[in-house]
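Engineer: Can you keep this structure in mind? I'll have questions shortly.
The values are calculated or read from the model by the stated rules, or taken from the named source; none is laboratory data. Owing to the predicted nature of the structure, the values given are computational and were not obtained by experimental measurement. With ideal geometry, Cβ positions are generated from the backbone for all residues, glycine too; neighbour counts draw on all protein chains shown.
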Amino acid sequence: MILSAGTVLIGRFEILEPLGKGAHGHVYSVLDRQLDCQIAIKVLSDELVQNSQQLSRFRDEILICRRISHPNIIRVHEFYHDIDCVFYTMDQVDGTTLSEFIKNKVSLSLDELHNIAMQLFAGIEAAHKKGVIHCDLKPDNILITSDHHVYINDFGIAKLEASDNLEFATHAYASPSLLNSGEVNEKIDFYAMAVTLYELMHKKLPFSEQPANQLTAEKNKGASAVKLNRKFKTFSAFFDRSLSAMPHQQPETIDEMRELWLVAFNQTQSSIASSSQTLWWRIAGVVIIFGFFGFFYWGFNSSSVDTNAQDGSGKPLAEKSAKAVQSDNSVVDSILILPMQTTGSLSALNYSLSDASLAVLYNRLSQFRLRIIDEARMRQTLDYLGYQIPLTNHQKKQLAELLGADYLLTGTLTKLGDQVDMSLQLLDSRTKQLTETWQQQKNYSENKILDELSNSASNIAEHLNSTEHTQVDAIVSGRANWLIRQTEDFISQNRLEQAEQTLTNLKKEFPELKQASFLEATIALWRGELIKAESLLEQLIKNTRHDSILHLKAQARYSELKSDNKKVEHFYQKLIDILPYDLSINFDFISFLNSQGQVEQAKKQLMALSKQDTQSPKIWFELSKAAIRTGDIQRALDEYLMKALVIYKRTKDRFGEANVLNAFGVALQRQGRFQQAEDYYQQALNIREELDVPQAIATSLGNLATMQSIKGDFSAAKQSLQKALAIRTEINDSVGVASINDKLGLLEEEQGDYKTALKYYRDALSIRMTLDDNWLKAESMNNIGYIYFLLSQFDEALVYLRQSEQNYLSVNEPMGIIKVRQSLAQINMQQGNWQSAYQVFSTTTEDAKALGLKEEALVAEGFLARLSFFQGNFKVSENIWQSIKDQVIAAKDSRGETEINLWLTEMYINTGQLNKARRVIENIKQNLSDEEKSGEQYQWYKLLEVELLASRGEYLPAVRLLNDFRARMNDKTSPLIQFRTLILNNWIAIKSEDYSGNFIETLESSLSPVASAHIVDWFKWQEIQAIHALNHSNWNKLENILNNVLPDLRRLDNYWRQFQFEALLYELKNNKQVPASQSIYKNSLQRILLQIPENNHETFLQLNNFPALTVSEKKE
């Protein structure tokens, strides 16, 4: 019945206004005259009232609901039976239903969404604790206020767990088990809540609206039929479990469901937070030679992560992966399509014809068996080089070589009346000179030009002959089995002392048990006692039946020790054939595959296991490791680690939980989210210390040390590493000792003490050379090679780096390969092999992005900008460095910010932008911690501070500061710093008459190799020597210097200070009365001035005042 305003029920409740209508009655706002307050009532429908049995049960349930007192549940007061109607009273809420809220498409932030979910969890949890199941949870039965406070309503049809089934639930929100069998339990509320949350997130239901039988059939497919919005992909595990059609796969408790949500929310929050951040690279001896070098410790065992394979050809990894799907004998041509040069107004087309033509050619040619060089990469390369269309043949050739293109497609479009003249050329870049291999020139009407371009693309493909894409051991007692299991568990947890103690008990109680020997050999292997392990396995092989599982296990382990990989795989396959569901055997095999770099095969094995057992946290944990190794880091975070963590938490496996938390740290560290990584590492350490697991504690300490060093807290990092080293040494963990030595080396490297770093790295390598692990050898060789690079000993560096590259290739480790090649490219850059360096940095940028390695991509982009700076493309360099700087500031990475600031300061001083340089120098000074004042960042900062003072004409304070700096130099000061100090000394000497007597003409013999190794610094030294010779009219010396410099200068092509040497050459020719023109160096100078703000031109010219001009003017 419908009640009108003013109606009074039982002489107490006055109807004020209707609030809504539900399936079981009407809701009104009423005035309680007795208490003088406004409340709500629900008047039940006639159908419900007329069924006395149902009404009686309903009344009982309402009275039970009165016991639920919770801020997220509408509180029920009393049940009344009036003459004309039956109703109950409840709190009145000033809000709207959640269904109306969703229909209005109210935008929610992630935090607001999370707040609503938490309230729903809390409300349902309170009801379930009182034994009440809602049974019809949906947005219509949830109220929400303007400040997003949530109230669950309409428990009036809720069922006690012991009650009989009723037809009551709304099909769209009902679980498959309820629809199929009518079974009522807490899980039906979990399911309905998951549907509600999905609808709140996506503004639609997870399953399409359709007849009940079809809807039930769709729901029986489970979450596989549900699609998530991209921004909510981290919630996949939550919905996979909560919307599963199988009750045993659904959350068992509200706590478990809430935990699934929390993990997803935290991952989403981290992802959003990191979208405004980026990574910075670990600076290894950093600043002086602009070297970046990264090392992240995996922390599961003592080995680090490896990734996808590639061969040693140097081709981009992403391109190689694409080519891998083609047959081995298939040769695919690569084409670089250059932007069209257009002339004239093209009125019929309201878009850029150059862009449109490029798009048509790309789209059409990509339909053939051709490799098209990525347009974004092409445009970026043009920007880096400062090239503008049209290109010269030399520029085209260089571009093709840098991007690895076999052919270039270039052309022009010229408007001639209502016709467009189209000229296309296909150039073969594989020959010494570009060779035209196909051309076309025709006139077309303006509105047909794009169609004709498409036809031309088909002709090109046809010209290139490209086609379009068309047995069991003896029975063991229960006690023995328990001791075996305990020992195995202790081993898996790195608790080797407890494992040995348990094994001793096992051998004492069961002296004939052969499994004890296998366990003893396993412990020996974990301790690095290879000879002992080998002897135990040999005896076991002799003393076991050849068809027994134990024999096969021993054979597999023994073959692994002997590096007989074919036998290892043979015995493991036999074991898996016998025991396909034995996780330990599968995991041992997976571990072997990983050690051999067969990561994809390991992943396939793990995926097969995950289908067999969805509740094994170890499977998900190992899958996460494999995903991280192969660069699929986000999936590891979003899915695999999340599933593992939930299961470990549910089973209260603290050790497993710590391992997963540590893995979260590793993944986040790889993404450059350092603060979040540190938080996870600390959580893992807390649990491991609580469990007293020494080896795991040492791992966490090592990981924390990496984060502390990134923040510049070197003393804390060193303290953590020394604790870890003491633990590793005490438990005789030689592999772990090597890893800690590596980290200590890295710490010393970051502080500029390269000789001490080299000692630590060598100690690590000496241990690792005894191990059969090419990944670890590669890592140590990479570290040693890079230190030699920082010490300017390039020959030694190349030996170690190339060997490291080969070892990384042998284990298919793309990240390691990228790092080594970037180190090799740095050597090329320093030696003046800029084209080679450019090609490697471009390739590694592409590879790193394809693999999701943001840090390595940033490293390469930073160096590409460095090369642009060397060639005078200052605007490009500044934009890139400023972009990187913004990102590292957002990540609160002070060391990364300092590094970019040092690069910017150098550029600003060189280009006469002294006010900018001063501001950046002040920023560097503020960011440098006391502990960082011993490293090379600080040393370079001091040299730049001296140079800035001298550039402003403040020679006296500059000299004082320089002398103070030189007095503090010691044997730890790198050779390059020493060389640059001499260069700065001489520059001040030629600028200041008061200091001119301090000019140094001869380089110390110990610094000669350094000078020859660093081409840019060598040019600076020679430039200043030449100016000094000119100022003193030492023409023979000037001629000798120029004869020495000019061949290298011409080889480099576009070194930005070329104008200075051209001016010096002009002056020398004038002295010899050889015809010479000033236009040569003035043209070069003009090119540079275009890259510098006009208001800084005068300062730039003063700083680079050509003595040649001064002398000439005097002669005139």
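Engineer: If you check 1030, 1068, which single one turns out to be touching a helix residue (DSSP H, G or I) at 6+ places or on another chain (Cβ under 9 Å) and either of a type in the set (Phe, Trp, Tyr) or under 26 Å from residue 951 (Cβ atoms) (or both)? Working first, answer last.
Structural biologist: Numbers: 1068 fails: either of a type in the set (Phe, Trp, Tyr) or under 26 Å from residue 951 (Cβ atoms) (or both).
Checking each option against the conditions leaves just 1030.
Engineer: Moving to a separate point now. Which residues, taken from region 1022-1043, are loosely packed, with under 14 Cβ neighbours inside 10 Å and in a helix (DSSP H, G or I)? Give the derivation first.
Structural biologist: Step one: of region 1022-1043, the residues loosely packed, with under 14 Cβ neighbours inside 10 Å are 1032-1033, 1036, 1043.
If the condition is that a residue be loosely packed, with under 14 Cβ neighbours inside 10 Å and in a helix (DSSP H, G or I), then 1036, 1043 are the ones that fit.
Engineer: Within region 403-513, which helices (runs of 4 or more DSSP H) (wholly inside it) include 3 or more residues that are small (Gly, Ala, Ser) and at pLDDT below 85?
Structural biologist: Working: elements: 449-463, 478-492, 496-509.
Output list reads 478-492.
Here's the yes/no breakdown for (1) under 30 Å from residue 55 (Cβ atoms); (2) at pLDDT 85 or above; (3) touching a Gly at 6+ places or on another chain (Cβ under 7 Å); (4) small (Gly, Ala, Ser):
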| residue | (1), (2), (3), (4) |
| --- | --- |
| 141 | yes, yes, no, no |
| 185 | yes, yes, no, no |
| 193 | yes, yes, no, no |
| 207 | no, no, no, no |
| 213 | no, no, no, no |
| 216 | yes, no, no, no |
| 225 | no, no, no, yes |
| 231 | no, no, no, no |
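Per-residue answers, yes or no, for (1) over 27 Å from residue 1086 (Cα atoms); (2) charged (D, E, K, R):
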position	(1), (2)
826	yes, no
843	yes, no
848	yes, no
866	no, yes
890	yes, no
894	yes, no
907	no, no
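Engineer: Follow-up. Take the conditions outside any helix (DSSP H, G or I) and under 20 Å from residue 746 (Cβ atoms) and apply them to residue 823. Does it pass?
Structural biologist: Working: outside any helix (DSSP H, G or I): no; under 20 Å from residue 746 (Cβ atoms): yes.
In short, no.
Engineer: In region 1052-1088, what residues are surrounded by fewer than 17 Cβ atoms within 10 Å (Cβ to Cβ), among the hydrophobic types (A, V, I, L, M, F, W, C) and not in a loop (DSSP other than H, G, I, E, B)?
Structural biologist: Answer for region 1052-1088, where residues must be surrounded by fewer than 17 Cβ atoms within 10 Å (Cβ to Cβ), among the hydrophobic types (A, V, I, L, M, F, W, C) and not in a loop (DSSP other than H, G, I, E, B): just 1080.
Engineer: Continuing with this model, one more query. Which residue pairs have Cβ atoms under 8 Å apart, sit 6 or more places apart or on different chains, and have a first residue in region 827-846 that is at positive phi and a second that is part of a helix (DSSP H, G or I) and not hydrophobic (A, V, I, L, M, F, W, C)?
Structural biologist: 832/1048; 832/1051
Conditions (1) touching a helix residue (DSSP H, G or I) at 6+ places or on another chain (Cβ under 7 Å); (2) aliphatic (A, V, I, L, M); (3) surrounded by 24 or more Cβ atoms within 10 Å (Cβ to Cβ), marked per residue:
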| site | (1), (2), (3) |
| --- | --- |
| 726 | no, yes, no |
| 734 | yes, no, no |
| 741 | yes, no, yes |
| 750 | yes, no, yes |
| 759 | no, no, no |
| 762 | yes, no, no |
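Engineer: Answer with yes or no whether residue 943 is assigned to a helix (DSSP H, G or I) and more than 26 Å from residue 794 (Cα to Cα). Can you show your working first?
Structural biologist: Details: assigned to a helix (DSSP H, G or I): yes; more than 26 Å from residue 794 (Cα to Cα): no.
No, not satisfied.
Residues are listed down the side, and each one gets a yes or a no for (1) at pLDDT 85 or above; (2) not in a helix (DSSP H, G or I):
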position: 839; (1), (2): yes, no
position: 844; (1), (2): yes, no
position: 867; (1), (2): yes, no
position: 879; (1), (2): yes, no
position: 889; (1), (2): no, no
position: 892; (1), (2): no, yes
position: 908; (1), (2): yes, no
position: 918; (1), (2): yes, no
position: 922; (1), (2): yes, no
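Yes/no per residue for (1) under 24 Å from residue 749 (Cα atoms); (2) surrounded by fewer than 19 Cβ atoms within 10 Å (Cβ to Cβ); (3) not aromatic (Phe, Trp, Tyr):
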site: 967; (1), (2), (3): yes, yes, yes
site: 971; (1), (2), (3): yes, yes, yes
site: 974; (1), (2), (3): yes, no, yes
site: 977; (1), (2), (3): yes, no, yes
site: 986; (1), (2), (3): no, no, yes
site: 994; (1), (2), (3): no, yes, yes
site: 999; (1), (2), (3): no, yes, no
site: 1003; (1), (2), (3): no, yes, yes
